[in-house]
1. Consider segment B:27-36. How many of its residues are within 12 Å of another protein chain (Cβ to nearest Cβ) and open to solvent by less than 40 Å² (accessible area, probe 1.4 Å)?
2. Return yes or no: is B:Ile119 within 14 Å of chain A (Cβ to nearest Cβ) and open to solvent by less than 10 Å² (accessible area, probe 1.4 Å)?
3. Taking segment B:361-393 as the region of interest, how many residues are part of a loop (DSSP other than H, G, I, E, B), within 12 Å of the ligand (Cβ to nearest atom) and either closer than 25 Å to B:His181 by Cβ or among the hydroxyl-bearing types (Ser, Thr, Tyr) (or both)?
4. Output the strands (runs of 3 or more DSSP E) that fall wholly within segment B:172-267 and possess 3 or more residues being open to solvent by less than 20 Å² (accessible area, probe 1.4 Å) and assigned by TED's automatic domain parsing to the domain that holds B:Ile120, or say none.
5. For segment A:85-92, does any single residue satisfy the condition of being closer than 22 Å to B:Gly121 by Cα and either assigned to a strand (DSSP E or B) or more than 14 Å from chain B (Cβ to nearest Cβ) (or both)?
6. Working only within segment B:42-71, note down all residues that are open to solvent by 10 Å² or more (accessible area, probe 1.4 Å) and within 16 Å of the ligand (Cβ to nearest atom).
7. Go through A:Ala77, A:Ala88, A:Ala70 for me and flag whichever is at pLDDT 95 or above and more than 16 Å from the ligand (Cβ to nearest atom).
8. Look through segment A:40-82, keep the residues that are within 14 Å of chain B (Cβ to nearest Cβ), part of a loop (DSSP other than H, G, I, E, B) and touching a Gly at 6+ places or on another chain (Cβ under 7 Å), and return whichever of them is most open to solvent (accessible area, probe 1.4 Å).
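The values are calculated or read from the model by the stated rules, or taken from the named source; none is laboratory data. Since this is a predicted model, take the numbers as computed values, not measurements. Heads up, the Cβs are rebuilt from the backbone with ideal geometry, glycines too, and the neighbour counts pull from every protein chain shown. In case anyone asks, the SASA skips ligands and DNA or RNA and just uses the protein heavy atoms, side chains included. Shrake-Rupley method; radii C 1.70, N 1.55, O 1.52, S 1.80 Å.
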Amino acid sequence: MKAKGRVFKYKDNVDTDVIIPARYLNTFDPQELAAHCLEDLDPEFSQRVQAGDIIVAGKNFGCGSSREHAPLAIKTAKVSCVIAATFARIFYRNAINIGLPILESPEAAAGTEAGDELEVDFDQGKIVNLTKGQVFQAQPFPEFMQKIMAAEGLINHIKAESKW
Amino acid sequence: MGMTMSQKILAAHAGKGEVRPGELLEANLDLVLGNDVTTPVAINEFHKTGYTQVFDGEKIAIVPDHFTPNKDLKAAEQCKMVREFAHQMGIANYFEVGAMGIEHCLIPEQGLAVPGDLIIGADSHTCTYGALGAFSTGVGSTDMAAGMATGRLWFKVPSALKFVLKNQPAPWVSGKDIILHIIGQIGVDGALYKSMEFMGDGLAHLSMDDRFTIANMAIEAGAKNGIFMVDAKTIAYVKEHSTKAYRIYEPDADAVYDEEYELDLSTLRPTVAFPHLPANTKTIDEVEDIQIDQVVIGSCTNGRLSDLRTAAGILKGKKVKKGVRVLVFPGTQRIYLQALREGIIEDLVTAGAVVSTPTCGPCLGGHMGILARGERAVSTTNRNFVGRMGHPESEVYLASPAVAAASALTGKITDPAQV
Ligand code: SF4
């Protein structure tokens, strides 16, 4: 699995309240969530984002509430991948479970700026910054998680593995 | 290799003698929880699994608490969807308005969480039940769907931090001050992916309500779960509230912890988290003149009876500062009723506070107390992120019920010892 896109860059501790504010949680319509994605942090995000773009952030991305609306809003905004120095654990689970590709790499987070173009190879965990001509190595997912990602989420995985 | 409490509970539920940090496993669940925001998404995913029945209607609990009593039309539709699903699937523990409370106050009160349980909830503060010696962790809606369908879920075995609490807390130092102090020390990702395990002789001085408050905010340090050693107080609580079988897990003598922290509770001070991070803490002595517009007392962190008692103790016979809006949210109907019987509600209302039916309300900027641009609140809730209680330019200061009540009297953040 591969992705290529322009970078939107954010700081440490981007929480789920700014990814999708609670005032929009009275619906779970993905398009409506995507329209308000990151609104309190970057009001223009939903207008500027293009299919394939990549979010790069500092540590503890997605901290706070367990709302799956957060990765869902990002995925529906057609972001191809989120790279962060570290992820908050519920966001990490949710992203895998709904099939939003994510990678942890403190080096890539530090060495990337807004507007850079990145190419990402998920199987190898390789991140290439095409703008800066740099290569970063992230930990690829364990096989168990790769299977869930390949099935595009936990639900399909459960369907496929009826032994559950 | 010795195991922590959390590791032992995971091992037991995965049918394994031993587990190691980092290991991925599938484990059997004792309880699957959801609310009115996360359950609709889970129901959608559940239907996609192809399963037509839940694994066990007795082991699922659904509590509509975030936008209830229905805040608006969309919230009403979400609650209706959840209600119908619960009915269809024979989910015994669905709590309608009138029986409901804020989920993390309600579940222990209903006896649905006991020591040794493995619990998941599609709500990040599901870690609250660690106060009872359960392994309890917040997950997403897809996890909830998988849990409802199969009764099982994947877990990565966490490593752990050990917190040894010593001595009796100083005056006006509550569970809230202890956990704010810890988060201030280790940061909002200080326990990322890890368990926080609490033990030590200081536990004997902490009520169950204090422990619920501490476990509740483990997630604010990024933890997977927080868990307390079980003692006589835990057992007394469980016997009073539950008939479920329980099991006590203690850490092995050679259990491995990533870090060990010792806290002398007698040296702590009331602690306040400034905007916009729970780790942005100051002791009450370091707080300068912070004028406030609103005080919120309640939530899954501090909406329990002892919290309301503390607040009423400070407000009784006095008046809240003119111009300050003071909102009180009892955690459950039972807490509300008990507070009514003890005269707490009367003391609060006479002082000029309003008392609501149980709801998450302003805690997540949902309804019943949203902040306007530039407004400030002192709140006993657990998060003060940008926009958490309303406008992105409003501010939330997290504090104990005692500090919140004292601040209600003066209109600025105040040491309860000073009023
Ligand atoms: S009271 Fe606040 S933190 Fe607790 S469950 Fe409700 S919204 Fe979440």
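1. Looking only at that region, the number is 4.
2. Criteria met by B:Ile119.
3. Residues that pass the stated criteria total 8.
4. Of the strands (runs of 3 or more DSSP E) lying wholly inside segment B:172-267, those with at least 3 residues that are open to solvent by less than 20 Å² (accessible area, probe 1.4 Å) and assigned by TED's automatic domain parsing to the domain that holds B:Ile120 span B:195-199, B:225-228.
5. Yes, segment A:85-92 contains at least one residue that is closer than 22 Å to B:Gly121 by Cα and either assigned to a strand (DSSP E or B) or more than 14 Å from chain B (Cβ to nearest Cβ) (or both).
6. Across segment B:42-71, the qualifying residues are B:His66, B:Pro69, B:Asn70, B:Lys71.
7. Every option except A:Ala77 fails the conditions.
8. Per the criteria, the residue is A:Asp40.
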